[in-house]
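Heads up, the thing below is written out as structure tokens.
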């Protein structure tokens, strides 16, 4: 952090208040579940910052999963190479616009005996409210200077060149995906970025945000096999009898049927982890949508249905989605809705999926916001939800 000139040690100015900091320790795992390394990171206690004094704007764009899938679909159909880069200590590259002071870290020694010394932050560090915003601003400024154009619809996507000379860059926090047909152009972009940031070249894209990616001449597969197995292990579901379907056909769940669970926290954690699995599993999306409606007051039938879903995941943990190399770039959407199926609110359930050629890139199942007065109205509402 000193090499990056993240802070300057100065006396605390009169009238200023310093924020606190702490060390955070975690273990980073390889895609196969083995330990990659042990990490220690100094973070600021951002919750002690005062809005308007220590920070102003905090918003930072995050890549949508649909954008990532569109990129994989195009890479599969056009034969693009996919490379992955990781920015070391990414947030330390963002310059601060505000004047922020932080207490000296524990065990940090200075030559001065002044007890009033603090760290005047020159750059953002992890934990600050504005840290992700400042990092993204610094990164996008560099990428734009390299000749990339930023997408107006997805600010984390940058494109340079056309046709065979095209290079696409997608950034998710400190993870970067490069896509393009010419490996030399990708290498040039990587070298240019290395002049500004300390990068770790992870080679071909294989593991991204918990997703497992495999590419060959027939296309690209995307799955969460290890994530699903870890979920089964943590919930004690590896010994369960497999189930053929995500839920019992024609099952109706209500907010009032059955006994309330004494502790809702385990149910809430389970649904949260299952929701992340829907990024590669459209087949379980409806079931998880149904179960997520009851997280505030879960009952016994809801928990039993969740365990039934885990039994199905045990049988299908290796499933995912596949982006074919022979797919076209035609955008196709399918929509459907039932009528007044919710027993508690009489609202209709919406469902849609979007394809780029043969490759599915987006899907959703959700309850409509208002009660439809006919099946025709429910279908129109669904069509609007899928296209707007």
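Some points to look at:
- Check on residue 353, outside any helix (DSSP H, G or I), touching a helix residue (DSSP H, G or I) at 6+ places or on another chain (Cβ under 9 Å), surrounded by 15 or more Cβ atoms within 10 Å (Cβ to Cβ) and not assigned by TED's automatic domain parsing to the domain that holds residue 79: yes
- Tally of residues being closer than 22 Å to residue 349 by Cβ and either free of Cβ contacts under 8 Å to residues at least 12 places away in the same chain or in the same structural domain as residue 349 (by TED's automatic domain parsing) (or both) across the range 235-250: 2
- Candidates are the residues of the range 216-249 that are out of contact with any helix residue (DSSP H, G or I) (no Cβ under 7 Å at 6 or more places or on another chain) and in a strand (DSSP E or B); the one that is farthest from residue 307 (Cα to Cα) is 216.
- Here residue 88 clears all of (1) touching a strand residue (DSSP E or B) at 6+ places or on another chain (Cβ under 8 Å); (2) surrounded by 20 or more Cβ atoms within 10 Å (Cβ to Cβ) except the condition numbered (2).
- Subset tally (residues that are within 24 Å of residue 164 (Cα to Cα) and either under 13 Å from the mean Cα position of the chain (by Cα) or surrounded by fewer than 22 Cβ atoms within 10 Å (Cβ to Cβ) (or both)) for the range 64-73: 4
- Taken over the range 35-60, the residue count meeting the criterion of being surrounded by fewer than 10 Cβ atoms within 10 Å (Cβ to Cβ), assigned to a loop (DSSP other than H, G, I, E, B) and under 22 Å from the mean Cα position of the chain (by Cα) is 1.
- Residue list for the range 332-364, filter: over 30 Å from residue 78 (Cα atoms) and either free of Cβ contacts under 8 Å to residues at least 24 places away in the same chain or in contact with a strand residue (DSSP E or B) (Cβ under 8 Å, 6 or more places away or on another chain) (or both): 336, 337, 338, 341, 342, 345, 347, 348, 349, 350
- Looking at 384, 378, just one residue is exposed (fewer than 15 other Cβ atoms within 10 Å of the Cβ), in a helix (DSSP H, G or I) and at pLDDT below 95, and that residue is 384.
The values are calculated or read from the model by the stated rules, or taken from the named source; none is laboratory data. What you are looking at is a predicted structure, and each value in this text was computed from that prediction instead of being measured. Counting neighbours? That spans all protein chains shown, and the Cβs are built from the backbone with ideal geometry, glycine included.
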